[in-house]
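The values are calculated or read from the model by the stated rules, or taken from the named source; none is laboratory data. Please read all numbers here as calculations on a predicted model, not as lab measurements. Using ideal geometry, Cβ is built from the backbone for each residue, glycine included, and neighbour counts are taken over all protein chains shown. Remember, those area values only see protein heavy atoms, side chains included, never the ligands or the DNA or RNA. Shrake-Rupley method; radii C 1.70, N 1.55, O 1.52, S 1.80 Å.
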Amino acid sequence: MTVDGAPDAGGRTPWPGVRTPLPGPRSAELLARKDAVLNGPLRDGGNVPVVLGRKTGHVLEDVDGNVFADHLSAWGAAPYGAQPRSVRAAVQTAWDRYGMEIAQYLVSEPVVALAERLVALAPPGITRAAPSVTGTEAVEAGVKLARESTGRPIVLGFLGQYHGESTYLTAAASTDLPGNTSNNAQYAPGLVLVPYPNRFRAPFHRGPGPYDDTIYLDYLETWVLRHQVEPSQVAGVLVEPVAGEAGILAPSAAWWAGLTDLATRYGWKIVLDEVQTGLGRCGEVFAADLWGLRPDVLLLGKGLAAGGQPLAAVLGTEEVMAGSHAHLGGTFAWEPAACAGALAGLDLLTSGGVLENARSMQRTAERVLGPLVEEVEQVGDVRSVGGWACLELVTDMASIAPAPAFQHAVHRAALRRGVLAISEPDKPLYRMQPPLTMEPELFEWSCEQVADAVREVAADPPEEDA
Ligand SMILES: Cc1ncc(COP(=O)(O)O)c(C=O)c1O
């Protein structure tokens with residue numbers, strides 16, 4: 001695609017190519033320096049054996065001159081490529097004009113314009129917006145609003161979802177197994193977690209017959225609401241429309257209808273965490289649009305920054321937000337240049353072929369990666385929604401036990417072929433999260449490299465630790 005995010009300065013995006021062992025010498029030196037000074041989780045034991053040298057269009061170049069297709073997109077925060085020209089110009093113009101300013105006290109036009117634009121784009125019923133800097137803060141604000149507007153204490157969340165790194169949200173974010181948190185798991189009062197639909201690792205089975213994820217709601221109603229929590233004490237449900245960190249899991253329309261029914265019946269607010277799914281990742285402006293959801297609160301982050309300055313947003317209905325006394329935001333929330341960059345990003349999202357490109361990525365991933373499930377024993381599942389694809393790698397289909405050594409080997413083999421995607425030691429998921437503007441040829445080529453990497457590793461699979 002040649003939307004604004006494509007190659008910088010009118011040049012061509014270089015094609016991926018790896019010419020040194022990984023890490024290359026310069027990367028190795030910087031990684032050693034990093035490991036000596038950065039804190040625990042950032043010492044990743046060589047999981048990402050490259051150091052960024054520069055970013056152009058849809059590729060990343062390391063400090064040794066190796067070039068990789070970018071399947072991180074800054075974890076979704078750079079959805080239009082490395083330096084989208086219109087975003088850069090908007091950020092710079094606003095900064096030249098307004099400098100840094102605190103929107104909560106002294107407003108400027110980009111702040112007002114962004115609020116208006118987000119409300120106009122949002123699902124029906126959303127009338128208000130509030131500033132935030134990070135997704136974590138936006139989700140915290142969503143929880144505050146649900147509690148404030150209902151006067152109720154309990155929040156229902158979903159096992160395996162990720163919402164951020166504050167103490168409260170780390171408790172809500174159970175993507176990491178307790179064993180991986182090194183005695184640092186957080187437990188927050190007023191939070192009740194229930195399973196989220198997962199067809200591949202389904203915690204509930206109804207016996208033979210088609211998969212039906214409304215059984216998760218039966219469990220919620222029959223067990224949790226009867227034995228654990230009084231429905232009238234629940235302020236709201238905190239939910240990702242498609243679970244991202246848990247591995248691109250999308251519930252059925254029937255599940256959404258059932259959850260919405262429960263929310264209506266008991267007066268719960270639906271707090272939709274679209275920090276990762278929102279603004280095109282799922283092939284629609286909001287993942288809520290996939291099912292026509294009508295959230296009370298909708299949270300945005302990541303892609304809202306459009307690769308420019310950091311910002312996030314809290315959107316809500318008149319009922320939840322108009323009379324709220326909650327102080328949301330902070331010093332840096334919606335500084336004018338960030339708002340101007342976000343507005344330029346929304347122009348890219350809504351005026352180009354970005355959404356269609358994301359949908360075509362899904363079709364490509366299904367066509368190129370999908371058949372691996374039949375072909376390779378260790379590919380347990382392939383899931384894709386819009387510009388997101390994920391492989392769940394297992395030791396064998398009978399046990400579907402995670403295969404971290406196999407996954408790591410795939411990650412390394414893909415890197416050697418020039419694809420840098422997401423593979424974390426503690427998660428049985430290999431994920432591709434490209435910029436939504438990635439050229440179709442580069443995306444298809446990347447999927448082919450990943451498929452070849454899987455085949456290479458499957459030909460001589462590594463031993464898994466017992
Ligand atoms: C669904 C979801 N919510 C919230 C967050 C937290 O956002 P941030 O890292 O900007 O605090 C993330 C981050 O990955 C996320 O995926």
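Values computed for the structure shown
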quantity	calculated
Inter-probe distance in nm under a simple model that places probes 7 Å from Cα toward Cβ, at Ala398 and His205	1.4
Summed residue charge, Cβ within 10 Å of Arg201's Cβ, Lys/Arg positive, Asp/Glu negative	-1
Under the Karplus curve 6.51 cos²θ - 1.76 cosθ + 1.60, θ = phi - 60°, whole-Hz ³J(HN,Hα) for segment 93-105, x wherever Gly or Pro sits	4, 5, 5, 4, 7, 10, x, 7, 8, 9, 5, 5, 10
Rounded FRET efficiency, nearest 0.05, which uses the C-beta distance separating Glu29 from Asp460 and R0 of 35 Å	0.65
Amide H contacts of Val419 (H built 1.01 Å from N, under 5 Å, at least 5 apart or other chain)	Ala69
Net charge of neighbours whose Cβ lies under 15 Å from the Cβ of Val297, counting Lys and Arg as +1 and Asp and Glu as -1	-3
Where chymotrypsin sites (Phe, Trp or Tyr not before Pro) fall in DSSP loop in segment 18-127, at most 11 other Cβ within 10 Å	Tyr105
Helical mean residue ellipticity (222 nm; -39500 (n - 2.57) per DSSP H run of 4+; nearest 500) of the chain	-10500 deg cm²/dmol
For Glu137, net neighbour charge (Lys/Arg +1, Asp/Glu -1) across residues whose Cβ lies under 12 Å away	-1
The chain, Rg to Rh (Cα coordinates; Rh as Kirkwood inverse mean 1/r)	0.96
Val51 accessible area, 1.4 Å probe, all protein chains in place, Å² to nearest 10	30
Qualifying aspartates and glutamates (Cα of each under 17 Å from Cα of Lys55; at least 8 residues distant if same chain)	Asp4, Asp8, Asp64, Asp70, Glu439
Heavy-atom surface of the chain, accessible at 1.4 Å and reported per residue (Å²)	42
Signed unit charges on C-beta, dipole axis of the chain, positive-most listed residue Leu328, Val143, Pro203	Leu328
Over segment 85-351, relative contact order from alpha-carbon pairs under 8 Å, at least 6 apart, %	35
